[in-house]
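Working notes, beginning with the structure itself.
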Amino acid sequence: MSLLSRYRKALLAIAVLLVVSPLFGVIGADLVGYHEPLDVAAEALGLSESSLWSGFLPDYTVPGLSEDWLSMSMGYIIAGVIGVLIILAIGFIIVRLSGK
Amino acid sequence: MHIPDGFLDPLTAGVCYIVAVIFIVYSLYRTRASINPEIASMASILAAGIFAAQMLNWPLPGGTSLHMVGGALAGILLGPWLGGLVIFIVLLIQCLVFGDGGITALGANVLNMAIVDVLVGYLIYRAIAGKGGRPHRWVASFLGGWLGIALAGIVCGLEIGYSPSFPYGVAVTVPVMGLWHLVLGVIEGLITAFIVDYISIRSPSLILGGVLSDEPTLQV
């Protein structure tokens, strides 16, 4: 598959991002508390989230894994890998279709 | 800045959906002729990379976090139409698989990140990188990444702040979103500039939306 060989460095960089992602997405967020400007604005207005659909892997967690930081970190990486694979699969289909 | 369900007035959500659908259909139309396996491979890798980069939430002192959005980067590398579609795919997967960004807010999230951020980043890059060499490209992609995210934040503030039942909400949300993203967007600008610089030195042919080659750009 040409996609893999041609973009080996880029794919490696993506793998590195996924491996370190729990440092930022799980452990860092837990230490500091994840709070982005959108939350600040929503709080100021008293808006509250209503969850209509939380996804198959809600907030990048794997259902069934326990809540300690190691499992959460593993779950975060697994979620990331699944997301990347889904996107590459869609891309692969488009690559094939665009060659016709 | 992924808006969850429940933040938007139904009218706002609906209008954003219409704008998003029009943009996506038009982008598909604009990219249809030029898409080939090579460009599609690049776009796929970029989409996967932006998805992975968005998983890194940077906690900042003062208790605010941000993660990269990458819209301006996609616009600079792939042009506004394919770049917008790349961000759309990322947002769609985040929404459907991970519940990141609400289903009812998908239109608004597409408008902010796949349209505003991409277009602003692309246009600023085109305007500044125009004739210059590496320093121009650096400044152009920095400003594109920075102001793209700042403007996306302001539009996001308009969306969540506007509601017929609470007409003055925007007076609160727009300054909050605008100022924060103007500050935090500096980081997005730096990352955008480093990546564009790296790619333009290593493999300039990968910058399709830019002005490095004399050929007319493929997407625009």
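Return the single residue from A:Pro22, A:Pro58, A:Pro37 with maximal mean-square fluctuation; model: Gaussian network over chain A, springs between Cα atoms under 10 Å. Maximum among the listed residues: A:Pro37.
Around A:Ser54, with a cut-off of 11 angstrom between Cβ atoms, what is the net charge of the other residues, counting Lys and Arg +1 and Asp and Glu -1?
Overall, the nearby charge balance is -4.
The average projected area of the stretch A:2-98, computed from the convex hull of its Cα atoms over all directions, is 8.9 nm².
Put the Cα centre of the stretch A:26-100 next to the Cα centre of the stretch B:46-109 and the gap is 11 Å.
Residue by residue along B:32-41, Cβ atoms of other protein chains within 10 Å of the local Cβ number 5 on average.
Evaluating 6.51 cos²θ - 1.76 cosθ + 1.60 at θ = phi - 60° for every residue in the stretch B:112-125, the Karplus couplings come out as 6, 9, 8, 10, 4, 4, 5, 5, 4, x, 4, 5, 5, 4 Hz, glycine and proline recorded as x.
When the alpha carbon coordinates of the protein assembly as shown are projected onto the principal axes, the ranges are 52, 43, 37 Å, largest first. Computed over the Cα atoms of the stretch B:68-125, pair by distinct pair, the Kirkwood hydrodynamic radius stands at 10.9 angstrom.
Remark: the stretch B:65-78, residue by residue, has Karplus-estimated 3J(HN,Hα) of 10, 8, 10, 5, 9, x, x, 4, 4, 4, x, 5, 6, 10 Hz, where x stands for each Gly or Pro and the curve is 6.51 cos²θ - 1.76 cosθ + 1.60 at θ = phi - 60°.
Just checking the listed ones, B:Gly99, B:Gly189, B:Gly83: in the Gaussian network model of chain B with Cα springs under 10 Å, the one fluctuating most is B:Gly99. Diffusion of the stretch B:10-206 by Stokes-Einstein, at 37 °C in a medium of 0.692 mPa s and with Rh set to the Kirkwood radius over alpha-carbon pairs, works out to 193 µm²/s.
Throughout, read-outs are computed from the coordinates displayed, never taken from laboratory work. Everything numeric in this text was worked out from a predicted model, so none of it was measured. Every residue, glycine among them, receives a Cβ derived from its backbone with ideal geometry; neighbour counts consider all protein chains shown.
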